[in-house]
Amino acid sequence: MRIRTAGVVAVLGLALAASGCGGSDSDKPAAKESAKATGGKLVIWADDKRTAALKPFAEEFGKENGVTVEVQAVSKDLQTNFVTASQQGSGPDVVVGAHDWIGNLVQNGAIDPVQLAAEQKSAFNETAVKAVTFNGQLYGVPYATENVALIRNTELAPEAPKTIEELVTTGKKLKAEKKASEILCLQSGQNGDAYHVYPLYTSGGGYLFGTAANGDYDPKDLGVGKPESIAAFQKIAKLGEKGDGALKRSITGENSIATFTGKKCAFLVSGPWAIADAKKANIKYDISAVPGFAGGKEAQPFVGVQAFYVAAKGKNKALAQEFVTNYVTKPELAVALYKAEPRPPALTAAFDQVKGEDPDLAKFQEAGKNGQVLPAIPAMAAIWDPFGKAEAAIIGGADPAKTITAAGKTIAGQIK
Amino acid sequence: MSTSLSGPGSAQQAPGREPVRRGLPRKSRTARNHAPITATGLVVKVVLLGLVAGIAIWAAFPLIKAEHWIGLAILAATTAGLFYLYLGRRHIPAKYLVPGTIFLIAFQVFPVLYTASTAFTNFGDGHRGSKDDAIVAIQTSSVKQVPGSTEYSLSIATKGDPATGPLVFLLSDPKTKEVFAGDAGGLRKLDAGDVEASSLTGKVTAADGYTVLNIGQASVRSKEITDLVVPTSGGAIRSNGLTRAYEGKAVRAYDAGCDCVKDSETGKTWTADPATGAFVAADGERLTQGWKVNVGLKNFSRVLTDPNISGPFFGTLLWNFAFAIGSTGLTFLLGMAIALALHSPRMRGTNLYRVLLILPYAMPSFAMLLVWRDMFNTDFGLVNNLFGLDVDWFGQSWSARAAVLLVQLWLGYPYMFLVATGALQAIPRELTEATSVDGASPWQSFRAVTLPLLLVALSPLLIASFAYNFNNINAIWLTTEGGPFAPDNPTNGATDLLITYTYRLAFGAQGAEFGMAAAVSIFIFAIVATVSAISFRRTRKQEEVYS
């Protein structure tokens, strides 16, 4: 009995084992065969929206060249997942993402520089090329730019305000007439939002990082905590809850666009992503640059760039370079990506092509003309949280000098 | 709250309560030896062992490929051990204990050990890989096009079979239309007569003695193509994709002699610093790409000595206890009160009430926390609008704390209600009836009989709930994010738990610092373990009193 049991188990175990081996054995030659027939495989990681837009083009690239292209959607934490996977050797060959990831991706050795010919480079918007340049090297091929602008409800506010003060006057009047309940929808929340308040900060004279000799941001010259930043936040404080009430912590990333489309405020500071909602709500709107303080400096929004990167540890780097440098640089792809999500294309030719059918695009680009490239250096990661919290505290009525000095100290302590 | 059901459920089996079976008569053991082998039993055994073998083989291939011989040895030993154990008839107790032990090791012991070992390193963004990885990254990212050099059109060719033959770059200069063949030996000019090229781009389509690969064929040999560099006087010609090539030069190179990286353009050197895992120049400038090193107790000493971390530590710890005790205590009180009310025999429609009361528990807490956060909004939130208040809930320390506890109460009481209902039904009604016969008031009978008996059953669950809430990152991160923050300290907020505070410290700065996070989580582990150990000991004493 005992021998029989053991025997049965052993035979079955062996059978299973053999089937396991058989599976992988039969897999391998098959894979090789198909590789011979269809060439190598290219794996691209992107977020959900872009995956859908990329798929037809990826398939076309595959067909044209006899290779397999797989576009995989990573809907959450694409950057972190990419860094982790690339360290494990299981990452993709190409990844699509925002340019401010570059610093972190480079410090983790996750992406390689790309080499573009001079005439390829000149086909792009200059700011976009600057954004993907890090330590003097080009690290990605840009395809779209984005920046915030002032979107206003033209029924409530027909004229674009030239200064923040003008905006506040109009907003207060609308509030008094009960036509709106808020002066300005600029998202802050309890913990602030450095990205959206940045135009006001620059108009007040503040800066984040100085510029090094080679044109890159210099993490050693931190502007937060300097007298200029305090002056800027003193101006912002006047717009806060204890002042004009134009900036409020109760306006958050979740409700700012909804409040604007609900006609509760006439002015919204947001990016191209807010337009779809405004159109859906049948709001008559116009787009202009975020105004600065009267007598202050120019209000400069952050300019962000979306780009394609070649993974340093990809299995098919040559093919990835081929795709990124020779295929992504074609205007057709940029136009398709624009249609998936309306951000201004970084390729000048593609921008000109879609400009005609979408007047908002030119307005957004105009509003971001004097914008500052969002710093891609790793030190930028240390800015967001303390800067935002300082903003929220000051909007709530805290002393600007004390708050900003503390924020500057925290940020400096975190920058290695 | 929700996961506290699954994890510590086994804690219900308090020590000392399981029936004692130690003294089983010898006879029953021999009787078991004669127990017939049923067909089902045999099939289950065969399938399970087959699965074990299958998993072992599935896991072996990657281990062999990565040459992890120790891992392979452990795998082989474990599999062999399992087969020996379950194919034999002896070692009955081990047969019951081993599966649990293996899962315990895989899912508890190993992660804890891994966390502990991470705490002694600088593992994190910029320090993820080995030194060799960092050197490769530094060198590749410093490759620059040689100024004024030619951009070639590239065709990848071979001198033999497309899949295996040695690779050659056929390079054509788009301006002069000259064609070169390049391999690791260098560059040779090809005779124009031997070459066919596209008139538009100058790209070589065929050449005598060479097989030109199409993109599909070339892409299979991607790695060889990337690795092939054609040395030239100014640098080396490298492929850029499969159709273009450029003359590039790695500006920075590692020199093993001085263990440093040299920049050939500026002459600057960065020397390896094994203490921090980075290349550091004389002026203190660091190269971006670093590597993982052991830093000893540095992470631990930073937790204790850095005033930014240790300063607010005790305040946070105090609130952390208050939050965990408050969440557990309040939900328990409310849950029990409702359970008692519904337990009363005079109550009608109890089933309907029960269903309604369990609703908050049935909704995903993740989404509910976000909804509650918006309900506490000063201007647009339901709470203020409904009651006509103008409270800046998340803007002031105490209101934020109260709001967080209120949300916890709403999310957590159905669980306490459920378990209290169950425990109440297990208490015989005769006991309370006996007290009322003795003339005790309902309150007295509750205090003296019902509550102690309830606590016997529920104490382990309360401890589990406490331990869970002590580290309840969602409850804080999705509502207040730890805020409100004092204007002069953006690192520590009024509702911060140790875990949210740690998260901000470890991931808020320049990218993730896993080493640091691991060190703080070891501290938190020690605190929770101590509290739980003390509580369990007290519970046991309590049981001895009442049983």
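Got at least one residue in segment B:301-317 being under 25 Å from B:VAL449 (Cβ atoms) and either assigned to a helix (DSSP H, G or I) or within 14 Å of another protein chain (Cβ to nearest Cβ) (or both)?
No, segment B:301-317 contains no residue that is under 25 Å from B:VAL449 (Cβ atoms) and either assigned to a helix (DSSP H, G or I) or within 14 Å of another protein chain (Cβ to nearest Cβ) (or both).
Quick one: which of A:VAL83, A:VAL106, A:VAL69 is hydrophobic (A, V, I, L, M, F, W, C), part of a strand (DSSP E or B) and within 14 Å of chain B (Cβ to nearest Cβ)?
Checking each option against the conditions leaves just A:VAL69.
Quick check on this structure: which one of B:THR118, B:THR140 is modelled with pLDDT of 90 or more and either among the hydroxyl-bearing types (Ser, Thr, Tyr) or in contact with a strand residue (DSSP E or B) (Cβ under 6 Å, 6 or more places away or on another chain) (or both)?
B:THR118
Which of (1) within 14 Å of chain A (Cβ to nearest Cβ); (2) surrounded by 12 or more Cβ atoms within 10 Å (Cβ to Cβ); (3) without any contact (Cβ under 8 Å) to a residue 60 or more places away in the chain; (4) closer than 30 Å to B:GLU481 by Cβ is the odd one out, the single condition B:GLY329 does not satisfy?
(1)
Taking B:TYR210, is it more than 8 Å from chain A (Cβ to nearest Cβ) and within 19 Å of B:ALA181 (Cα to Cα)?
Yes.
Checking A:LYS263 against (1) surrounded by fewer than 17 Cβ atoms within 10 Å (Cβ to Cβ); (2) closer than 30 Å to A:LYS121 by Cβ; (3) away from chain B (no Cβ under 14 Å): exactly one of these is not met. Which one?
(2)
Sort out which residues of segment B:405-449 are at pLDDT below 90, hydroxyl-bearing (Ser, Thr, Tyr) and closer than 18 Å to B:ALA339 by Cα, and write them in order of number.
Residues satisfying the conditions are B:THR432, B:SER445.
Do you know which residues across segment A:88-104 are of a type outside the set (Gly, Ala, Ser) and touching a residue at least 40 places away in the same chain (Cβ under 8 Å)?
Matches in segment A:88-104: A:PRO92, A:ASP93, A:VAL94, A:VAL95, A:VAL96, A:HIS99, A:ASP100, A:TRP101, A:ILE102, A:ASN104.
Which of the residues spanning segment A:109-139 are in a loop (DSSP other than H, G, I, E, B) and away from chain B (no Cβ under 11 Å)?
Selection gives A:SER122, A:ALA123, A:ASN125, A:VAL132.
Of the residues that sit in segment A:166-185 and are within 14 Å of chain B (Cβ to nearest Cβ) and either among the acidic types (Asp, Glu) or surrounded by 21 or more Cβ atoms within 10 Å (Cβ to Cβ) (or both), which one is nearest to A:VAL269 (Cα to Cα)?
Filtering first and then ranking leaves A:CYS185.
From B:GLU224, B:GLU247, grab the single residue that is more than 10 Å from every other protein chain (Cβ to nearest Cβ) and under 23 Å from A:LEU116 (Cα atoms).
That would be B:GLU247, the only listed residue that is more than 10 Å from every other protein chain (Cβ to nearest Cβ) and under 23 Å from A:LEU116 (Cα atoms).
Name every residue in segment B:333-366 that is surrounded by 13 or more Cβ atoms within 10 Å (Cβ to Cβ) and charged (D, E, K, R), in order of residue number.
Listed by number, the list holds a single entry, B:ARG354.
Of A:LEU247, A:LEU200, A:LEU239, A:LEU208, which residue is in contact (Cβ under 8 Å) with a residue 24 or more places away in the chain and within 14 Å of chain B (Cβ to nearest Cβ)?
The conditions single out A:LEU247.
Hey, among the residues in segment B:480-492 that are without any contact (Cβ under 8 Å) to a residue 40 or more places away in the chain and more than 7 Å from chain A (Cβ to nearest Cβ), which one's nearest to B:THR276 (Cα to Cα)?
Here the answer is B:GLY482.
Go through segment A:399-408 and give me each residue that's facing another protein chain (nearest Cβ under 8 Å) and either charged (D, E, K, R) or surrounded by 24 or more Cβ atoms within 10 Å (Cβ to Cβ) (or both).
If the condition is that a residue be facing another protein chain (nearest Cβ under 8 Å) and either charged (D, E, K, R) or surrounded by 24 or more Cβ atoms within 10 Å (Cβ to Cβ) (or both), then A:ASP399, A:LYS402, A:THR403, A:ALA407 are the ones that fit.
Can you tell me how many residues within segment B:281-300 are among the aromatic types (Phe, Trp, Tyr) and part of a helix (DSSP H, G or I)?
Qualifying residue count, segment B:281-300: 1.
Could you check A:PRO378 against (1) facing another protein chain (nearest Cβ under 7 Å); (2) farther than 24 Å from A:GLY109 by Cβ; (3) in contact with an Asp or Glu (Cβ under 8 Å, 6 or more places away or on another chain) and say which number it fails?
For A:PRO378, the exception is condition (2).
Among B:ALA275, B:ALA256, B:ALA281, which is the only one that is surrounded by 15 or more Cβ atoms within 10 Å (Cβ to Cβ), among the small types (Gly, Ala, Ser) and either assigned by TED's automatic domain parsing to the domain that holds B:ILE237 or modelled with pLDDT of 85 or more (or both)?
The conditions single out B:ALA281.
How many of the residues in segment A:226-240 are surrounded by fewer than 20 Cβ atoms within 10 Å (Cβ to Cβ) and part of a loop (DSSP other than H, G, I, E, B)?
1
Hey, which of the strands (runs of 3 or more DSSP E) in segment B:87-203, taking only ones fully inside, have at least 2 residues that are away from chain A (no Cβ under 12 Å) and surrounded by 13 or more Cβ atoms within 10 Å (Cβ to Cβ)?
Those strands (runs of 3 or more DSSP E) span B:151-158, B:167-172, B:179-183, B:186-189, B:195-197.
Scan segment A:36-45 and tell me whether some residue there is within 13 Å of chain B (Cβ to nearest Cβ) and surrounded by fewer than 16 Cβ atoms within 10 Å (Cβ to Cβ).
Yes: segment A:36-45 contains one or more residues that are within 13 Å of chain B (Cβ to nearest Cβ) and surrounded by fewer than 16 Cβ atoms within 10 Å (Cβ to Cβ).
Given the structure, is A:VAL148 buried (at least 23 other Cβ atoms within 10 Å of the Cβ) and either within 13 Å of another protein chain (Cβ to nearest Cβ) or over 17 Å from the mean Cα position of the chain (by Cα) (or both)?
Judged against the criteria, A:VAL148 is not a match.
Could you tell me whether B:LEU458 is away from chain A (no Cβ under 14 Å) and in contact (Cβ under 8 Å) with a residue 40 or more places away in the chain?
Judged against the criteria, B:LEU458 is a match.
The values are calculated or read from the model by the stated rules, or taken from the named source; none is laboratory data. Keep in mind the model is a prediction, meaning the values are calculated, not measured. Neighbour counts are summed over all protein chains in view; Cβ atoms, including those assigned to glycine, are modelled from backbone coordinates with ideal geometry.
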